[in-house]
Amino acid sequence: MPKLRLGAVTLLSVWLSSASAGYVVYENEFVNAKLPGNPNDIRGMPNLPFTVDVNRESDGISSVSPLTTTVPSFPLYTSSSNYATFGITTAIELQNRKDHHSVLVANRGLQGLAEPSAGEAEREAAAYNRLVEIGTRVVPLPSVVFPVDSSKRWNPSTFPIQRYETYRVEVLGDQRWVDGTIETSADGYTSRYDAISKCWVAAGRCRSYLKSKLRSTTAGAKWLQLTCGVGDYFSQLQKVEENRDRMMPLREDELFGTLFQVGKSVVVNASFSGELVCFANDADNLYANNKGTLNVTVTRLSWPPLRDGVKDLARNTTKWPLRYRWPPAPFLEIEGYQGPV
């Protein structure tokens, strides 16, 4: 194992398993010449803790390693075409983020949902306003069909999820995608270690990549299994003057705590609020050989808003208890409502 001597201190270096990465992890990350802020960095940023590019036209580039605890909370956005020169986010990309966020907000309104950070009063008010809009009409369950590309790390749905509500996520029909040479459904495939051949086996063959770590490692996780989480695919950094708002990209560390296995179908009682974001479960460095896209359907089952209604057959009305409406009112009543409660 190679060593680096810095004065009287000996620092061990460990190479990552990914051959494509070629990245050395040091005990002291500030000695790594490949970090942003290295001597050849054209931005001229020193390789010191908490040196951060906070230009409004940038997503925020930190000069310290993403592997240390001293990293500021600015997301690192690398897919911009101008990332090599200061990580500039183009006007087109920024507008695409705003458009995506606008669709998400509109879908919140259709479900009668408040913002993810809203309290009980705001959530009730959003549901109340949607029920008033619905009136006596029968409105189908809110649902969206969106593509999940097996070669992409994250696939947003523009479908908002609210904590404590119930949703079904499913892949209809016989849809398939491919991991290298293995074709599978949204349920994915398993691997096992063969002690005789001394290798990891899937689909009857030894495959060296199977020793890599899956992105989602919860119990029962499989290769190329449809997996989803709930979070902010794009989030507004801070409200500023008109047309100058910044929409920041996904914070992966926040989304990972919300992941759940889907496979072909699952019904979940949501524990988090935000946008549904999905992916094919694979190792971080193995997405390039994935092929195929699944059309995923997400449907809200706990419907309508304020679903704990009570039918009054004598008066042909449906009542929903309210707690936060002002002026105070014990019920919202809709005469002749025929939808589900």
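The values are calculated or read from the model by the stated rules, or taken from the named source; none is laboratory data. Remember, predicted model here, so these are calculated numbers, not experimental data. No Cβ is skipped: glycine too gets one built from the backbone with ideal geometry, and neighbour counts run over all protein chains shown.
Given (1) assigned to a loop (DSSP other than H, G, I, E, B); (2) more than 17 Å from the chain's Cα centre (by Cα), identify the lone condition not met by G263.
Every condition holds for G263 apart from (2).
Assuming V230 fulfils every condition listed in (1) closer than 27 Å to L94 by Cα; (2) in contact with a helix residue (DSSP H, G or I) (Cβ under 8 Å, 6 or more places away or on another chain); (3) of a type in the set (A, V, I, L, M, F, W, C); (4) part of a loop (DSSP other than H, G, I, E, B) apart from one, which condition is it?
With (1) closer than 27 Å to L94 by Cα; (2) in contact with a helix residue (DSSP H, G or I) (Cβ under 8 Å, 6 or more places away or on another chain); (3) of a type in the set (A, V, I, L, M, F, W, C); (4) part of a loop (DSSP other than H, G, I, E, B) applied to V230, the lone miss is (4).
Since S235 meets every condition but one in (1) over 19 Å from Q261 (Cβ atoms); (2) surrounded by fewer than 19 Cβ atoms within 10 Å (Cβ to Cβ), which condition does it not meet?
Condition (2) is where S235 drops out.
Evaluate the following for Y209: is it assigned by TED's automatic domain parsing to the domain that holds A114 and surrounded by 14 or more Cβ atoms within 10 Å (Cβ to Cβ)?
yes
If the requirement is being surrounded by fewer than 19 Cβ atoms within 10 Å (Cβ to Cβ), under 29 Å from E254 (Cα atoms) and of a type in the set (K, R), which of these qualifies: R123, R153?
Sole residue among the options that is surrounded by fewer than 19 Cβ atoms within 10 Å (Cβ to Cβ), under 29 Å from E254 (Cα atoms) and of a type in the set (K, R): R153.
Cβ contacts < 6 Å: first residue of a type in the set (S, T, Y), restricted to segment 136-150; second residue loosely packed, with under 12 Cβ neighbours inside 10 Å, any location; separation 6+ or different chain. Result?
T136/G336
Taking strands (runs of 3 or more DSSP E) that do not extend beyond segment 290-336, which have at least 3 residues that are in contact with a strand residue (DSSP E or B) (Cβ under 7 Å, 6 or more places away or on another chain) and in the same structural domain as V144 (by TED's automatic domain parsing)?
The strands (runs of 3 or more DSSP E) meeting that bar are 293-300.
May I ask you to list pairs of residues, at least six apart or on different chains, whose Cβ atoms are under 8 Å apart, with the first in segment 95-120 being farther than 20 Å from F146 by Cα and in a helix (DSSP H, G or I) and the second being at pLDDT below 95 and not aliphatic (A, V, I, L, M)?
E120/R323; E120/Y324
Which of the numbered conditions does D308 fail, given that it passes all the others? Conditions: (1) surrounded by 15 or more Cβ atoms within 10 Å (Cβ to Cβ); (2) more than 12 Å from the chain's Cα centre (by Cα).
(1) is the only condition that D308 fails.
Restricting segment 167-209 to residues that are closer than 19 Å to D284 by Cβ and outside any strand (DSSP E or B), which is nearest to the chain's Cα centre (by Cα)?
In this case the residue turns out to be G188.
One residue is enough: does segment 240-249 have a residue meeting the conditions in a loop (DSSP other than H, G, I, E, B), among the aliphatic types (A, V, I, L, M), in the same structural domain as V296 (by TED's automatic domain parsing) and within 19 Å of the chain's Cα centre (by Cα)?
no
Pairs under 6 Å by beta carbon, first residue closer than 18 Å to R153 by Cα and assigned by TED's automatic domain parsing to the domain that holds V230 in segment 164-193, partner surrounded by 15 or more Cβ atoms within 10 Å (Cβ to Cβ) and of a type in the set (S, T, N, Q), six or more apart or different chains?
R176/S185; W177/S150; D179/N290; G188/Q225
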